[in-house]
Amino acid sequence: MSSSVKKIISLAVAGAFAIGAAGALVPAADRVAYAHEQYADGSSNAYSHRMKEEQQRHDSAVRAIRHEYRQDGDEKKYKKRMKEEQKRHDKAMEDIRHDYDSHARHSHH
């Protein structure tokens, strides 16, 4: 066999091994990516996910209150509802933070 044929065969074999190795590594990379991104919103843990959900709920409630205010123009009612919503939101965020701190304290020792 000539040396050029040997080179071609060795390159083909090396290429086959490279493709096989890459095929074996791709599923492993997919599992790693999935393990780090468990939530569709990009959150990497349950506490971050809960905070994002709560923020979305708060933003939606604020938009609804503003819409209602534009409809009826009752400023006193608007301010009262905004204050109540902010209080609810702050409490929910505080609860999530408390759960996180409580978990972190117990899991690291």
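Please treat every number below as a calculation from the coordinates, not as lab data. Keep in mind the model is a prediction, meaning the values are calculated, not measured. Neighbour counts are summed over all protein chains in view; Cβ atoms, including those assigned to glycine, are modelled from backbone coordinates with ideal geometry.
List of remarks:
- For the range 43-109, the dipole from Cβ point charges (+1 on Lys and Arg, -1 on Asp and Glu) about the Cα centre works out to 220 debye, to the nearest 20.
- Hz values of 3J(HN,Hα) by residue in the range 56-73 - Karplus curve (6.51, -1.76, 1.60), Gly and Pro given as x: 5, 4, 4, 4, 5, 5, 5, 4, 5, 5, 5, 4, 4, 5, 5, 6, 9, x
- Given their separation in residues at 0.36 nm each and the Cα-Cα distance between them, Asp59 and Ser10 gain 11.4 nm when the chain is fully extended.
- Ascending count of other beta-carbon atoms within 10 Å, so fewest first, for Glu84, Glu75: Glu75, Glu84
- Here the calculated FRET efficiency for Glu85 and Lys52, from their Cβ-Cβ distance with R0 = 22 Å, stands at 0.80, rounded to the nearest 0.05.
- Whole-Hz ³J(HN,Hα) from phi, Karplus 6.51 cos²θ - 1.76 cosθ + 1.60, for the range 81-90, glycine and proline x: 5, 5, 5, 5, 5, 5, 5, 4, 4, 4
- Converting the Cα gyration tensor eigenvalues of the range 43-109 into ellipsoid dimensions via √(5λ) gives semi-axes, longest first, of 33, 12, 4 Å.
- Excluding same-chain neighbours fewer than eight residues apart, the aspartates and glutamates reachable from Lys83 by a Cα-Cα span under 13 Å are Glu75.
- Each residue of the range 4-12 was assigned a 3J(HN,Hα) from its phi angle through the Karplus curve 6.51 cos²θ - 1.76 cosθ + 1.60 (θ = phi - 60°); the sequence is 5, 5, 4, 4, 5, 5, 5, 5, 5 Hz, with glycine and proline shown as x.
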